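Worksheet: the structure to be examined is printed underneath.
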Amino acid sequence: MGELCVRSVLVTGANRGLGLGLVQHLLGLPKPPQWLFATCRDPKGQRAQELQNLASKHHNLVILPLEVANPTSIKAAAAKVGEHLGGSGLNLLINNAGIVKITLLENETLEDMTEIYTTNTVGPLLMGQAFLPLLKKAAQGSPGSGMSCSKAAIVNMSSYAGSIEDVYVWEFGQVVSYRCSKAALNMLTKCQSLAYREHGILCVTLHPGWVQTEMGGSSESFKPPLTVDASVQGMLKVLSSLSEKETGTFLDWEGKILPW
Ligand code: NDP
């Protein structure tokens, strides 16, 4: 399994947590992307400070505003990315941004269910639609008939918590709105894989492991098993190995196939 080698990548929710880790590791690859679009809600804000520092050192890093729950913001970002890329396409779209609310089944509300679904499921759907022309262009511009993340791919950051068969860590938190949104994201990924296969675009849904981030938890009293570095290293290795055999599958950061 070689290192990931990809010309252009876009990551959502890139200002902290796994998104920031992905950007750092992509920049550190032996052959880093020529274009790395790190998107976040507030590129000029305090929460994007680390990204701004990175951009001052890496000219291939472009920070763009992108709110995944806002179709206008998504379209504007797609237009900007198209301008930067000139005539070429976008090879790899990583829909990483996500939210959770710590809830019990009995106190889920219409508002919470809707907000989590909009961000975690509808966001990746709209992103796939808006970036489809650039992904198609990338696939058409790459030689060979096989699929890969170097050619054209959508990676949706899901969670094992969305597995209906396993209902991972139920005792730890019911988070019903989150689980439903990720189960739906898994279905979306399967649908994208079927619809985009003819364009040569690989689509997978990925569980990053239980990771020390704001979402995963990182207090002194409880630390999830994985660091951001370990998770991201694993995921990039997995991405480098994907082919048409894996399109439409649900994988973890070690490449293991997970039950739907
Ligand atoms: P964090 O909470 O640390 O980071 C979430 C990121 O998503 C932030 O950059 C946040 O931006 C961004 N974001 C949230 N809502 C939006 C929005 N509407 N538009 C744009 N960006 C948004 O989470 P993680 O890094 O831990 O999680 C990343 C992904 O991995 C998520 O999809 C999560 O569900 C998944 N995951 C994480 C696990 C873990 O253990 N950590 C386990 C399984 C899955 P802002 O700073 O503006 O809020």
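What the table shows:
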| quantity | calculated |
| --- | --- |
| Filter result for Ala77 (touching a His at 6+ places or on another chain (Cβ under 9 Å) and open to solvent by less than 30 Å² (accessible area, probe 1.4 Å)) | no |
| So Met157, is it touching a residue at least 60 places away in the same chain (Cβ under 8 Å), within 20 Å of Trp260 (Cα to Cα) and in contact with a Gly (Cβ under 8 Å, 6 or more places away or on another chain) | yes |
| Yes/no for Ala139 being under 23 Å from Leu206 (Cβ atoms) and either in a helix (DSSP H, G or I) or not aliphatic (A, V, I, L, M) (or both) | yes |
| Some residue of the stretch 55-66 being open to solvent by less than 60 Å² (accessible area, probe 1.4 Å) and near the ligand (Cβ under 7 Å from one of its atoms) | yes |
| Hits in the stretch 211-221 - residues which are closer than 18 Å to Val100 by Cα and either assigned to a helix (DSSP H, G or I) or open to solvent by 60 Å² or more (accessible area, probe 1.4 Å) (or both) | Glu214, Met215, Ser218 |
| Tally, over the stretch 229-245, of residues that are touching a Gly at 6+ places or on another chain (Cβ under 8 Å), within 14 Å of the ligand (Cβ to nearest atom) and open to solvent by less than 30 Å² (accessible area, probe 1.4 Å) | 3 |
| Residue identified as of a type outside the set (S, T, N, Q), surrounded by 20 or more Cβ atoms within 10 Å (Cβ to Cβ) and more than 9 Å from the ligand (Cβ to nearest atom) among Leu188, Leu206 | Leu188 |
| Answer from Val169, Val155 - the residue that is within 16 Å of the ligand (Cβ to nearest atom) and either in contact with a Leu (Cβ under 7 Å, 6 or more places away or on another chain) or acidic (Asp, Glu) (or both) | Val155 |
| Thr114 among the β-branched types (Val, Ile, Thr) and either surrounded by 19 or more Cβ atoms within 10 Å (Cβ to Cβ) or not in a helix (DSSP H, G or I) (or both) | no |
| Residue in the stretch 153-161 that is at positive phi and not β-branched (Val, Ile, Thr) present | no |
| The stretch 155-198, subset in a helix (DSSP H, G or I) and in contact with a Phe, Trp or Tyr (Cβ under 6 Å, 6 or more places away or on another chain), residue farthest from Thr118 (Cα to Cα) | Tyr160 |
| Residue count for the stretch 80-101, restricted to those that are open to solvent by 10 Å² or more (accessible area, probe 1.4 Å), among the small types (Gly, Ala, Ser) and touching a residue at least 60 places away in the same chain (Cβ under 8 Å) | 3 |
| Matching residues in the stretch 3-28 - criterion: being open to solvent by 50 Å² or more (accessible area, probe 1.4 Å) and at pLDDT below 95 | Glu3, Cys5 |
| Breaking point among (1) closer than 20 Å to Glu3 by Cβ; (2) touching a Ser or Thr at 6+ places or on another chain (Cβ under 8 Å); (3) β-branched (Val, Ile, Thr), for Ile257 | (1) |
| Candidate set from the stretch 29-51 (those that are open to solvent by 10 Å² or more (accessible area, probe 1.4 Å) and polar (S, T, N, Q)); member that is farthest from the ligand (Cβ to nearest atom) | Gln34 |
| Residue check, Pro133 modelled with pLDDT of 95 or more, in a helix (DSSP H, G or I) and open to solvent by 20 Å² or more (accessible area, probe 1.4 Å) | yes |
| Output for the stretch 1-28, where each listed residue is outside any strand (DSSP E or B), more than 15 Å from Ala230 (Cα to Cα) and within 16 Å of the ligand (Cβ to nearest atom) | Thr12, Gly13, Ala14, Asn15, Arg16 |
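The values are calculated or read from the model by the stated rules, or taken from the named source; none is laboratory data. Predicted model only: the values in this text are computed from it and were never measured. Backbone-built Cβ (ideal geometry, glycine too); neighbour counts: all protein chains shown. Surface accessibility is based on the protein's heavy atoms, side chains included, excluding ligands, DNA and RNA. Shrake-Rupley method; radii C 1.70, N 1.55, O 1.52, S 1.80 Å.
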